[in-house]
Amino acid sequence: MRTRRFVRGSLLAAALASLAAASLAQPLRAIGDCTIRSGTLCPGADLRRADLHGADLSNSQFTNADLSGARLDDANLRAANLRQAKLREADLRNAVLADADLLGAHLGGADLSGADLSNANLRDARLPNASLRGAMLRDADLTAAELPGANLENADLRHARLRGADLRGASLMGADLSGADLRSANLVGANLEGAKTDGARFLGAQTQDCRGCPS
């Protein structure tokens, strides 16, 4: 009987020690009132220029938060709520934003090169002069998004919804627009040279001075 109790006690002690070690290995960080972890609730938080490189912020709440100039490269923001968030000049290279809600978000000048935005909601988002080079935007909703001067070279935009989007002067060279909806989009001065447009819809799109746009 004593042997059994000793064994159980030893196992419990080992388990507690393991949990303590894990806690020390991955300490929770806080910036202001915002705890940096998956599922965190930080609506309206001031996270300007915060270093969140590689942070797991999946399923988190950042509505109306200010992340301008923040370092979010390699961060996991899968299914995060970033409605109306400010992400101007933010570093989001190779970040995971699949299924994220970025409705009306401000991303002017942000670097989203190589980011995964598949199935993300970017309706009415503002991305002037943003870099989305090589980004994954398959099935993303960019309806009425503002992308003047944006770099979308080699981006995957298969079946993306870009109806009414502002793409004036944007570069989509080598992008995959197969099955994309570009109806009523503004493509004045855009560059689609080398882009794949099989099955893409351009009805009502403005294509003056657009290189590579279907005639």
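With Ala195, Ala190, Ala170, Ala200 as the choices, which residue is touching a Lys or Arg at 6+ places or on another chain (Cβ under 9 Å) and open to solvent by less than 40 Å² (accessible area, probe 1.4 Å)? Of the residues listed, the single one that is touching a Lys or Arg at 6+ places or on another chain (Cβ under 9 Å) and open to solvent by less than 40 Å² (accessible area, probe 1.4 Å) is Ala190. Look at (1) farther than 27 Å from Arg49 by Cβ; (2) open to solvent by 40 Å² or more (accessible area, probe 1.4 Å) and you find that Arg93 fails only one, number (1).
Please specify each residue of the stretch 159-211 satisfying the condition of being polar (S, T, N, Q), more than 20 Å from the chain's Cα centre (by Cα) and not in a loop (DSSP other than H, G, I, E, B). So that I can check it myself, show each step before the final result.
As a first pass, look at the stretch 159-211 and keep what is polar (S, T, N, Q): 171, 178, 184, 186, 191, 197, 206-208.
Among the residues that remain, those that are also more than 20 Å from the chain's Cα centre (by Cα) are: 178, 184, 186, 191, 197, 206-208.
Correct list: Asn186, Asn191, Gln206.
Within the stretch 133-152, residues that are more than 10 Å from Ala175 (Cα to Cα) and among the basic types (Lys, Arg) have Cβ atoms under 8 Å from residues that are in a loop (DSSP other than H, G, I, E, B) and modelled with pLDDT of 95 or more in these pairs: Arg138/Ser118; Arg138/Asn119; Arg138/Leu157; Arg138/Arg158; Arg138/His159; Arg138/Ala160, counting only partners at least 6 apart in sequence or on another chain.
The values are calculated or read from the model by the stated rules, or taken from the named source; none is laboratory data. Predicted model only: the values in this text are computed from it and were never measured. Please note: Cβ atoms are built from the backbone with ideal geometry, for glycine as well, and neighbour counts cover all protein chains shown. We work out accessible area using only protein heavy atoms, side chains counted, and drop any ligands, DNA or RNA first. Shrake-Rupley method; radii C 1.70, N 1.55, O 1.52, S 1.80 Å.
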